[in-house]
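Enquirer: Below are the structure tokens for one structure; questions will follow.
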Amino acid sequence: MEMQMDFIRRLPTPEELKQEFPTDEHVKIIKDGRDTILENIFTNKDDRFLLIIGPCSADNEEAVLEYMHRLAAVRDKVKDKIFIVPRAYTNKPRTLGKGYKGMLHQPDPNKAEDMLAGIIAIREMHTRIVKETEFTCAEEMLYPENHRYLSDLLAYVAVGARSVEDQQHRLVASGIGIPAGMKNPTGGDFSVMMNSITAAQTPARFLYRGWEVRTTGNPMAHAILRGYVDKYGRNLPNYHYEDLRHVRDLYEERRLQNPAVIIDTNHSNSDKQYMEQIRIAKDVLHSRSVSEDIQKMVKGLMIESYLEDGSQTIGEGVFGRSITDPCLGWEKTERLIYDIAELV
């Protein structure tokens with residue numbers, strides 16, 4: 001039987017899209033400068049605390065840009081202590097395979113999927129963010145073959161809990177040239193996450209977008225702890241001091257480069273209770289304060305935050321409120337960033 005798959009249209013390659021929607025020298029200078037700072041943070045040459053913060057999903061360009069401009073104003077007040085990388089996630093994993101999959105699929109959440117419009121929309125939005133705010137952002141690498149559509153604009157990539165065991169994700173992470181955070185899987189097994197970090201730090205040769213490619217390995221591949229789900233479907237945390245000590249031991253056993261952990265304060269760590277992110281952030285900072293090893297290893301936090309508290313269904317139309325996971329609203333976010341700056 002033939003494949004049951006309709007080929008709708010050929011999409012531009014990343015190279016073709018970059019030629020049609022190019023960046024300028026100013027964008028390149030900003031990205032290069034921020035890439036250097038991030039490399040210094042992950043190689044212990046810069047002790048600033050990393051904050052990866054922003055909407056669960058970047059669903060509306062104008063709301064996202066409003067958020068980024070507000071964040072840029074805060075950045076300038078805490079820049080000596082905190083280095084901010086905004087979240088601008090434009091493709092979202094769906095556990096059941098249905099629902100809103102992000103701007104990549106639907107530039108307008110109220111309209112049908114359109115992948116051509118999507119790849120253009122995400123490139124134009126990320127370019128606007130860099131030009132208007134001098135931020136380069138974090139994305140989830142949900143589809144490894146799509147990374148190059150944004151590779152000249154991004155600062156950071158996360159490999160999600162459902163993707164971290166996948167060979168292609170690990171291999172592509174080994175060649176992206178920016179920090180790659182490997183989340184623990186939903187079941188919580190740290191060894192899976194550590195295997196993924198090991199693979200991403202290792203040079204590789206594989207098939208990618210129709211090419212045989214070779215990578216040098218990514219010394220900035222590291223762990224993201226996001227909590228886990230037990231066999232009864234309960235969300236359980238893994239950000240506590242004992243968890244961090246265990247990850248530190250695993251890093252030492254494997255002799256991996258640049259041991260680093262980012263704590264995701266939402267998802268299973270918060271039991272999807274977005275307000276808990278404030279308490280969890282401060283708990284992690286306390287763990288850092290009582291152990292030099294933990295302080296050195298825990299590089300930062302990942303926080304879900306938007307203009308308005310909580311979440312809404314598609315079509316409600318509240319500007320800057322998440323249509324995926326609930327997020328901290330702006331006032332609480334701003335206060336939390338200043339609190340973090342005091343505590344680090």
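The values are calculated or read from the model by the stated rules, or taken from the named source; none is laboratory data. Here the structure is a predicted model, which means the values were calculated and not measured. Glycine also receives a Cβ, built like all others from the backbone with ideal geometry; neighbour counts cover every protein chain displayed.
Enquirer: When you go through (1) crowded, with 19+ Cβ neighbours inside 10 Å; (2) in a loop (DSSP other than H, G, I, E, B); (3) free of Cβ contacts under 8 Å to residues at least 40 places away in the same chain one by one for Asp80, which number turns out not to apply?
Expert: Failed condition: (1).
Enquirer: Another one. With Asn184, Asn195 as the choices, which residue is surrounded by fewer than 19 Cβ atoms within 10 Å (Cβ to Cβ), of a type in the set (S, T, N, Q) and free of Cβ contacts under 8 Å to residues at least 60 places away in the same chain?
Expert: On the way: Asn184 fails: surrounded by fewer than 19 Cβ atoms within 10 Å (Cβ to Cβ).
On inspection, the qualifying residue turns out to be Asn195.
Enquirer: How do the pairs read when you match residues in region 332-343 that are closer than 15 Å to Arg48 by Cβ with residues anywhere that are part of a helix (DSSP H, G or I) and of a type outside the set (Val, Ile, Thr), using Cβ under 7 Å and keeping only pairs 6 or more apart or on different chains?
Expert: Ile340/Ala281; Ile340/Leu285; Leu343/Lys282; Leu343/Leu285
Enquirer: Would a scan of region 159-177 turn up a residue that is more than 30 Å from Thr13 (Cβ to Cβ) and under 20 Å from the mean Cα position of the chain (by Cα)? Let's see the steps before the verdict.
Expert: From region 159-177, those more than 30 Å from Thr13 (Cβ to Cβ) are none; that's our starting set.
Scanning region 159-177, I find no residue that is more than 30 Å from Thr13 (Cβ to Cβ) and under 20 Å from the mean Cα position of the chain (by Cα), so the answer is no.
Enquirer: Conditions: (1) surrounded by fewer than 16 Cβ atoms within 10 Å (Cβ to Cβ); (2) assigned to a strand (DSSP E or B). Gly300 meets all but one. Number of the miss?
Expert: Status for Gly300: all satisfied but (1).
Enquirer: Just to verify a result, which residue in region 12-42, among those that are surrounded by fewer than 18 Cβ atoms within 10 Å (Cβ to Cβ), β-branched (Val, Ile, Thr) and touching a residue at least 60 places away in the same chain (Cβ under 8 Å), is farthest from Val261 (Cα to Cα)?
Expert: Thr13
Enquirer: Looking at region 43-67 only, could you name the residues that are crowded, with 24+ Cβ neighbours inside 10 Å and out of contact with any helix residue (DSSP H, G or I) (no Cβ under 9 Å at 6 or more places or on another chain)?
Expert: Scanning region 43-67 gives Ile52, Ser57, Asp59.
Enquirer: Need pairs with beta-carbon distance below 8 Å; first residue of a type in the set (Asp, Glu) and within region 161-179, second in a loop (DSSP other than H, G, I, E, B); sequence gap 6+ or separate chains.
Expert: Pairs found: Glu165/Pro185.
Enquirer: Quick check, is Gly329 closer than 22 Å to Val85 by Cβ and crowded, with 22+ Cβ neighbours inside 10 Å?
Expert: Details: closer than 22 Å to Val85 by Cβ: yes; crowded, with 22+ Cβ neighbours inside 10 Å: no.
In short, no.
Enquirer: When only residues in region 185-244 that are under 23 Å from the mean Cα position of the chain (by Cα) and acidic (Asp, Glu) count, which is nearest to Gln167 (Cα to Cα)?
Expert: The extreme case among them is Asp189.
Enquirer: Also: Given (1) of a type in the set (Val, Ile, Thr); (2) farther than 26 Å from Ala161 by Cβ; (3) under 21 Å from the mean Cα position of the chain (by Cα), where does Ile52 come up short, assuming only one miss?
Expert: (2)
Enquirer: Kindly evaluate Tyr67 against the criterion of being under 30 Å from Asp309 (Cβ atoms), in a helix (DSSP H, G or I) and among the hydroxyl-bearing types (Ser, Thr, Tyr). Before you say what the answer is, go through the steps one by one.
Expert: On the way: under 30 Å from Asp309 (Cβ atoms): yes; in a helix (DSSP H, G or I): yes; among the hydroxyl-bearing types (Ser, Thr, Tyr): yes.
Answer is yes for this residue.
Enquirer: Of everything in region 268-297, what is more than 17 Å from Leu336 (Cβ to Cβ), touching a residue at least 60 places away in the same chain (Cβ under 8 Å) and surrounded by fewer than 19 Cβ atoms within 10 Å (Cβ to Cβ)? Give them in sequence order.
Expert: The answer is Lys296, and nothing else.
Enquirer: Now for a different question. Looking at (1) at pLDDT 95 or above; (2) not in a helix (DSSP H, G or I), which is the only condition Gly99 fails?
Expert: Every condition holds for Gly99 apart from (1).
Enquirer: Of all the residues that make up region 303-323, how many are within 19 Å of Arg226 (Cβ to Cβ), crowded, with 21+ Cβ neighbours inside 10 Å and either among the polar types (S, T, N, Q) or out of contact with any strand residue (DSSP E or B) (no Cβ under 8 Å at 6 or more places or on another chain) (or both)? Working first, answer last.
Expert: First, pick out the residues of region 303-323 that are within 19 Å of Arg226 (Cβ to Cβ): 303-306, 311, 322.
Checking the rest, the ones that are also crowded, with 21+ Cβ neighbours inside 10 Å come to 303-306, 322.
If we keep only those that are either among the polar types (S, T, N, Q) or out of contact with any strand residue (DSSP E or B) (no Cβ under 8 Å at 6 or more places or on another chain) (or both) as well, we get 305, 322.
Number satisfying all stated conditions: 2.
Enquirer: I've got another one for you. Just give me the residues in region 11-45 being outside any helix (DSSP H, G or I) and either closer than 21 Å to His222 by Cα or at pLDDT below 95 (or both), in sequence order.
Expert: Thr43, Asn44, Lys45
Enquirer: A follow-up question, please. Which members of region 198-251 meet the condition of being surrounded by fewer than 16 Cβ atoms within 10 Å (Cβ to Cβ) and touching a strand residue (DSSP E or B) at 6+ places or on another chain (Cβ under 8 Å)?
Expert: Pro203, Arg205, Leu207, Glu212, Val213, Arg214, Asp230, Leu236
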